[in-house]
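What follows is one structure encoded as C-alpha cells, with my remarks underneath.
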Amino acid sequence: MFIVLFIIFLAGTLYLLNKHFGEGYVKSLYNLSKEYIYTAFETKNLSSIALIIFWCGGFIALLLILYALGITPKDAQSHSINKLQLMGALAILLSAFIASMSVMKSIKHSDEHKESENSIKNSKFYLDNLVDGLEVVYNLLKDGNNNRVIWIEAARTLENTLNLRKKVTEPSHQEILEIRLMKYRHLFYKLFTTGENHDSLPTSFFSGIKEWKSTTDITKAMKQATSEIEAQVITEFAVPESPSLLYLTPSSIMSIYNFIKFPDTYEDPLDKFPSLKEINIDEYFKDMGYATGAKEYIRYLKKSINS
C-alpha cells in the first residue's frame, strides 16, 4: 500500500512537470533523482523514502501555487504569462529543488557513511571469530593426539571457520587475516611433523591406536585398531555400547592437511626480491655494514650456482 501511494504521488508530480515544462525537464529530473530513489528503496532506508515522498509532495504543492498565480499550461503555450510572475514562481521552484537535492545528498552521504561503518564492523566481527575458530582447532590438536572423534570435531570446526573468510570484506582485515593464516599453518605444520628435519608422521599414527610410535607397520596397526573394537564382553546384565572406531577418517585428515598446504593462488611476498642470478650483490648490500656476513654468504651461493 505504501509503495502504491508513492508511485501515485510520483506519477502525479511527473505529469504536472511535463505539462508545465515539457518532457526534457522531466527526463533531467529523472536522471538526477533515479540513483537516490533506487538506493533508498533497495536498502529500505525509511528516512530517505520519507524524504522522497516529501519532496514529491512539495513539488505538487509548488505547481499548485503556479496554478493559484494564474500560470496554467494554456498560458504557457500562449506565452501570455507575466514574466515577473513566472520568474518568481520559477525561483521558488528552483530554490525548493536545490534545497531538497542538497538534503537528499546529505542524507545519502550519511547513509553511505553508516553503511561503511557497519561494513567495517561486520568485517572485523568475522575476522575476530575466524581467528578464534583457528585457535579452537589448534587447541583440539596441539597435544598431538590421534583421537578419531577429536579429529572429526577439529576438521568440522576448521571448515566452518574458513567459510567465514568470504565475510571478511575490508582490505586491511584481509591482509591481517593472511598473517594469521600463515601463523596457524606453521603451527599445524610443526604439530604433524617430527624431528629436526620435520619428517612426516608415520602411517600408524592415523590408525588411531595409542601405541602408534612402537607399531610402525600399518597392517599391524589397523589390525590392532579393529581388534580393540571387537574385544567386548556381553553378559546378561550388561550389553556393551556400540563400538567406537579408532582410525582417523580420510575427510578429517584431508581437511587438516589441506589447510597446512599453501593455496595455489598464494602470492609469496618474497617474490619481489631478486634471484641469485639477477642480484647485484655489492649494489644491493651497499651501506649495510651490519650485513657483511649475509652478503658474503649470498655471494658464495651465487658462485656455487654459476660454477
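The values are calculated or read from the model by the stated rules, or taken from the named source; none is laboratory data. In this text the structure is predicted, and so the values were computed from the model without any measurement. Glycine also receives a Cβ, built like all others from the backbone with ideal geometry; neighbour counts cover every protein chain displayed.
Within region 190-222, the set of residues being of a type in the set (A, V, I, L, M, F, W, C) and without any contact (Cβ under 8 Å) to a residue 12 or more places away in the chain comprises just one member, Leu201.
Yes/no matrix, rows are residues, columns are (1) in contact with an Asp or Glu (Cβ under 7 Å, 6 or more places away or on another chain); (2) within 21 Å of Asn139 (Cα to Cα); (3) aliphatic (A, V, I, L, M):
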site: Thr161; (1), (2), (3): no, yes, no
site: His186; (1), (2), (3): no, yes, no
site: Thr193; (1), (2), (3): yes, yes, no
site: Glu196; (1), (2), (3): no, no, no
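Of note, Glu175 does not satisfy the criterion of being assigned to a helix (DSSP H, G or I), at pLDDT 85 or above and surrounded by 12 or more Cβ atoms within 10 Å (Cβ to Cβ).
The set of residues in region 141-159 that are under 29 Å from the mean Cα position of the chain (by Cα) and surrounded by 19 or more Cβ atoms within 10 Å (Cβ to Cβ) comprises Leu141, Trp151, Ala154, Ala155, Leu158.
Counting only residues that are surrounded by 14 or more Cβ atoms within 10 Å (Cβ to Cβ) and either assigned to a helix (DSSP H, G or I) or not small (Gly, Ala, Ser) (or both), region 194-209 holds 9 of them.
Among the criteria (1) hydroxyl-bearing (Ser, Thr, Tyr); (2) in contact with an Asp or Glu (Cβ under 9 Å, 6 or more places away or on another chain); (3) under 15 Å from Leu134 (Cβ atoms), the one Thr203 does not fulfil is (3).
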